[in-house]
Amino acid sequence: MQFIKDGCTRLLVTDIVERTLHETVELAKEVNSTIQIEVVVGDLTSEEFVEELLSEVVKSFGGLNYAVNAAGISGKSLATDEMEFEEYRVVQRTNMEALWFCERAEIRVMLEQDLVDGYVSINFIVNSIVFGDLL
Ligand SMILES: NC(=O)c1ccc[n+]([C@@H]2O[C@H](COP(=O)([O-])OP(=O)(O)OC[C@H]3O[C@@H](n4cnc5c(N)ncnc54)[C@H](O)[C@@H]3O)[C@@H](O)[C@H]2O)c1
């Protein structure tokens, strides 16, 4: 919401859960009723989905200035000896692989532009803030 308060007028939001996205749209419209906001439901652990998502961003908005990578899960709170490997893998796929798919696709789009503003990843394993001149 802070991006909208600060003047962002066009954005795309994505999540694997559709309901929460619609809640986000409602909140965004309360901040700016004329906001152009696209909703795409999908699984960011899919490399193909992430690539299609960034293509959609470029098609709709002509480029990408900012991205916030917030999708993440904490997984079940289990001791290592009680955990199945699949539990571990789901957390790794979501918090590491999906984040990497997103960052790579975003950076590729940003590097093709003259204007590179930056992106923020707040996913809980990898926390990073990268600005254009550091890319
Ligand atoms: N809330 C906290 O105290 C806290 C603290 C430190 C870090 N974090 C991290 O910051 C991020 C945001 O936190 P939050 O409280 O908003 O978490 P949240 O659970 O409210 O939001 C994370 C979102 O990621 C989505 N998601 C999960 N897997 C996905 C996938 N494969 N594809 C697409 N979307 C997927 C979920 O549906 C959810 O809407 C998370 O990565 C979280 O781990 C949160």
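Structural remarks
- Per-residue 3J(HN,Hα) values for the stretch 90-103, derived from phi via the Karplus relation 6.51 cos²θ - 1.76 cosθ + 1.60 with θ = phi - 60°, read 4, 5, 5, 4, 6, 7, 10, 5, 4, 4, 5, 4, 5, 4 Hz in sequence order (x marks Gly and Pro).
- Partner lysines for Lys29 [C-alpha distance under 17 Å; skip if fewer than 8 residues away on the same chain]: Lys5
- Legend: ranking of residues Thr14, Thr80, Thr9 from fewest to most surrounding C-beta atoms inside 10 Å; resulting order Thr80, Thr9, Thr14.
- The local environment of Val39, defined by Cβ-Cβ distances under 14 Å, has a net charge of -3 under the rule Lys, Arg +1 and Asp, Glu -1.
Read-outs: derived from the displayed coordinates by stated rules, not from any lab. Here the structure is a predicted model, which means the values were calculated and not measured. Note that each Cβ is placed from the backbone with ideal geometry, even for glycine, and that neighbours are counted across all protein chains shown.
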